[in-house]
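The structure appears below as structure tokens.
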Amino acid sequence: MPEIDALFESINVRDLLAGHDLNDPTTPLSAPDLRLLINRLESHSLRIKSKVQSYLVAHHSEFSDLFSTCQDAVSRTRLISDDVSDVVELISDRPVDVEIRKVVDEITEKTKEVRLKRESLELVSAIVGICEAVEETKVALRGGRFRFAAERVRELKGVLRVGEEEEGEPVAYALLRKDWSDCFDEIQEVLARFMGSAVRFELDSSKLRISYQLSVGEITGIALTTVLEAMEVIGMLDYGLAKAADLIFKHVITPAVTHASTFNAVEYSCKTSGDITEQTLKIEQSSDHKTEDVDGEAIYSGILKVVKFICSSLCFGNVTWIHSFGRFTWPRISELIISKFLSKVVPEDASKLADFQKVIERTFQFETALKELSFISPSDSEGRLSKYAENVEVHFASRKKIEILAKARSLMLQCNFTIPKGLAMRNASFESGGVESLDEDSSKHMVRLLFSSEVCMVSEAAYQLMHLVHKTLEDVCVSSARVASEFYHAARDSILLYEAVVPVKLEKQLNGINQAAVLLHNDCLYLFEEILGLAFEVVFSLEKVHMIWEPVLRPKTYKLSMCLVLESVFRRITRDILLLDDMAADETFQLQRLIHLMFENLSSLLGSLKSADETSRPLDDLIPSLQLLDMPLKSVTSAWESGELFSCNFTRTEVQDFIKAIFADSPLRKECLWRIEDVVN
């Protein structure tokens, strides 16, 4: 009602009291003012009532409709209230939720019964199906359908979860597993009988026969491949091949090892209508008188021939079958070879170790050939024969080292460090005739020093010790790298034993004046020069060549020939240096000193080459390795950058490795290595 609202908004007390300031608290309203205000408010009130009455009269129909609508709403509310009261009364008399719950429970129970019946029907159906499958498998087995029967047995094993039994399973499952087990045993027995008829060895004729068309009882015409396939399907390949492997190992492989010199195997084939029905391996005594099989060639070739026959004729080239046969027989074959051959050809002397290398090589080749045939697996960690052969070499070297050290220690402990009686009386004859004029016993005490060319008296222990060291180093020259290393350490440790044993043994005697002290002094001098002489052994040999060639050959020929010898020696030294790894700083200094010492002792030889023929090429061109060994670090780097070393067939890696071995780690070495790496030749 906008008019009424405007009427109320028009009432303003300030307007009704015009002339009087209501904001001034010091001038309160007077009684006349209040009466005036009341009169004016009453006038306005009457006017408002008149306006309201006029508005109601003008809008009578609208207000009438509004009141009617309100009356209808109240009536409907009362009806709804009555309906709700009726529903509440009905529920209180008969509880519907209980009835609904009963119906739901009944539906749930019926559903469970239906599900159980369905599961029971499915279980019965599955049991019937399994029973039929087992029976079908037995029928197929008796009818010679081995592959089909084997596949059914494998499928049923998964269905019955054989080996995965659980508590609370139906009793029928246990019975079905029993039927399956009986069926498996039956097919296993049948296949084993067929394998037994397939592989036979005739003792009277020494023939190994492998038949391809098999018959056992009423089952005939079964192919050998079918039997092998069926065995593989049901996982009895090892079991099925076991008897055949035993037969072949006993009658064929064993003679190939124990009678290798006369063993000979010849293959024959039997055909029917163009198809091979049987393969035969006849074991014959060779008429050739072979020499003793010292390197295993006859043994390994004989076994390899038998294995190839097995792989092709029995296993038909199938890798799985070959590996199964090999897994069963290889441990026994290797043990037989070790006991009957390898253990009997172990050398007793270091000079024969080089021949034993041939045995190691042939053994490795034999195992490699078996791996290529899949007879043994490529990852065969056993590597039985090769490992045994290699370990024989190591064990031999270790045993020899122990023997050498034991002998050296025995020499020192048994020696009494005294001068034999009568030796001093023959001093005059010794001075005139030298060491050669002494008898055998006396010569063990009188030695000529290498570098001073003097003769002195030493203990028998020192003399015998150096004899043992020289004999050991001779064995080094004819041994493999690993054995040579053990012998070298044995020779070195034997000399060190003198330092450890003799001073302790003579501790009391050294406190006085006696022969022992003098002999110990001479021993030390003798051992010192002998050890120093060992360091100059490459050098002594070259000097001998120098002394023999120079007076005889023409200068140009002498220079060229000697340079060839020196280049081969220095190239060998360089190659050995390149093989060094993880050298400490002090070791690089030791290596440098040895190289410088070598050049010092070769100075006369190198000088003779420079003056031999001045018209020929310079030594650096004739002996490029000499140039590398004798250059400082910066010169080596410059020679690589200029292409000089590259033209001498040195590679970047070789030069870098040489620098790392000869020169200690330093900023200069790092810089030179970077410069060499950056050069493109």
FRET efficiency estimate (nearest 0.05) - Cβ-Cβ, GLU186 to LYS352, R0 56 angstrom: 0.40
Residue-count net charge about ILE187 - beta-carbon cut-off 15 Å; Lys, Arg +1, Asp, Glu -1: -3
FRET efficiency, VAL501 to VAL478 (Cβ-Cβ, R0 35 Å, nearest 0.05): 0.75
Built amide H within the under 5 Å cut-off of PHE263, gap 5+: SER286
Pairwise FRET efficiency - ASP246 versus LYS112, Cβ, R0 = 45 Å, nearest 0.05: 0.15
Heavy atoms of HIS395: accessible area, 1.4 Å probe, square angstrom to 10: 110 Å²
Segment ARG40-ILE338, length gained on full extension (0.36 nm per residue, minus Cα span): 93.2 nm
Probe 1.4 Å, all protein chains present, accessible-area order of CYS131, CYS563, largest first: CYS131, CYS563
The range 118-217, accessible surface, carbon-and-sulfur percent (1.4 angstrom probe): 51 percent
Selection from VAL216, SER206, PHE194 lying farthest towards where the dipole of the range 177-227 points positive, charges on Cβ: SER206
Sparse-neighbour loop sites [trypsin sites (Lys or Arg not before Pro); the range 143-239; at most 14 other C-beta within 10 Å; DSSP]: ARG161
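Give me the number: length gained by fully extending PHE316 to GLU297, i.e. 0.36 nm times residue separation minus the C-alpha to C-alpha distance, one decimal in nm.
Computed gain between PHE316 and GLU297 is 4.2 nm.
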Contour minus Cα-Cα distance for ALA172 and ASN601 (0.36 nm per residue): 144.8 nm
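For a quick check of your reading of the filter: which GluC sites (Glu not before Pro) in the range 143-231 sit in a DSSP loop and have no more than 14 other Cβ atoms within 10 Å?
Qualifying residues, ordered by number: GLU164, GLU165, GLU166, GLU167, GLU218.
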Cα-Cα over 31 Å, subset of LYS157/LYS271; LYS178/LYS250; LYS308/LYS358; LYS178/LYS308: LYS157/LYS271; LYS178/LYS250; LYS178/LYS308
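Filter the GluC sites (Glu not before Pro) in the range 485-552 down to the DSSP loop ones having no more than 11 other Cβ atoms within 10 Å, then list what survives.
The qualifying sites are GLU507.
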Given charges at beta-carbon only (K, R positive; D, E negative), |dipole| of the range 474-515 in Debye: 160 debye
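The values are calculated or read from the model by the stated rules, or taken from the named source; none is laboratory data. Predicted model, so just to flag it, every value in this text is computed and none were measured. Don't worry about glycine lacking a Cβ; one is built from the backbone with ideal geometry, like all the others, and counts go over all protein chains shown. Note: accessible area is taken over every heavy atom of the protein model, side chains too, but ligands, DNA and RNA are not part of it. Shrake-Rupley method; radii C 1.70, N 1.55, O 1.52, S 1.80 Å.
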